[in-house]
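Enquirer: Have a look at the structure that comes next, please.
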């Protein structure tokens, strides 16, 4: 466990601060945590995947949204796109070292949320019952 | 550093799986990682805040969006709303223990993204230059 102090110390001293609306880190955080960005990074954490493999893994994503998501992550330097000189041509996507660092922290969050769902669903029932 | 194996082992054995489109954990992940959800949890990690204090901290959020965000987080059992019996009435928001666990992992991610922004911005310049 990290202490509150370790996590928040110096937050406001960093040159980048997601709490400030003009900071570019806010955009990157959104690429990383957006519905499809988060699932794409999580899927690629296990290894490189082709476009259609990714599409199957990220259940529900459209071709267009996955393509946009991959472009944003590639532009931010989190995903590397590698066109293989094969016939037919084949494109692999993999995490960069920076993307790996982001995905690791994201998966820790995803795991925690998945492991908390019994409590979350019980809280929703209480909330809805109190307002029924 | 956690190993890949530790992070991904058993992911598919959990009763909840964000990669499946019908899983309720996907909705909770979105409440937690959505633009305003993430910043609200991060702000409350430092302690309880009143509505207007939160609004100032989460730069750019509208009253309506902050209110919706707080309701979703309260319903998921991540935020506790406490109406103080004062005159004028005063409402404090604070993290529940579950919300604290989520916020801790979220802040680790936010910190990492903020600390990576020099690399992200350099990657964007390279990406745009290669396509100019």
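Enquirer: Taking segment A:93-132, which residues are within 14 Å of residue A:37 (Cα to Cα), more than 7 Å from every other protein chain (Cβ to nearest Cβ) and in a helix (DSSP H, G or I)?
Expert: A:99, A:100, A:103, listed by residue number.
Enquirer: From the list B:80, B:71, which one is surrounded by fewer than 16 Cβ atoms within 10 Å (Cβ to Cβ) and under 29 Å from residue A:118 (Cα atoms)?
Expert: When all the criteria are applied, what remains is B:71.
Enquirer: Going through segment A:35-62 one residue at a time, which ones are outside any helix (DSSP H, G or I), touching a residue at least 24 places away in the same chain (Cβ under 8 Å) and either surrounded by 20 or more Cβ atoms within 10 Å (Cβ to Cβ) or at the interface with chain B (Cβ under 10 Å from one of its Cβ atoms) (or both)?
Expert: Of segment A:35-62, the ones outside any helix (DSSP H, G or I) are A:45-50, A:58-62.
Next, from what is left, pick out any that are touching a residue at least 24 places away in the same chain (Cβ under 8 Å): A:45, A:47-50, A:61.
Across segment A:35-62, the qualifying residues are A:45, A:47, A:61.
Enquirer: Go through (1) over 14 Å from the mean Cα position of the chain (by Cα); (2) modelled with pLDDT under 95 for residue B:58 and report which single condition fails.
Expert: Of the numbered conditions (1) over 14 Å from the mean Cα position of the chain (by Cα); (2) modelled with pLDDT under 95, the odd one out for residue B:58 is (1).
Enquirer: Residues of segment B:71-92 being assigned to a helix (DSSP H, G or I) and touching a strand residue (DSSP E or B) at 6+ places or on another chain (Cβ under 6 Å), which ones?
Expert: B:73, B:74
Enquirer: Let me confirm something: among B:18, B:32, which residue is buried (at least 18 other Cβ atoms within 10 Å of the Cβ), in a loop (DSSP other than H, G, I, E, B) and either touching a strand residue (DSSP E or B) at 6+ places or on another chain (Cβ under 6 Å) or within 12 Å of chain A (Cβ to nearest Cβ) (or both)?
Expert: Within the list B:18, B:32, the selection yields B:18.
The values are calculated or read from the model by the stated rules, or taken from the named source; none is laboratory data. All values reported here derive from a predicted model rather than from experimental measurement. Note: ideal-geometry Cβ built from the backbone for every residue, glycine included; neighbour counts use all protein chains shown.
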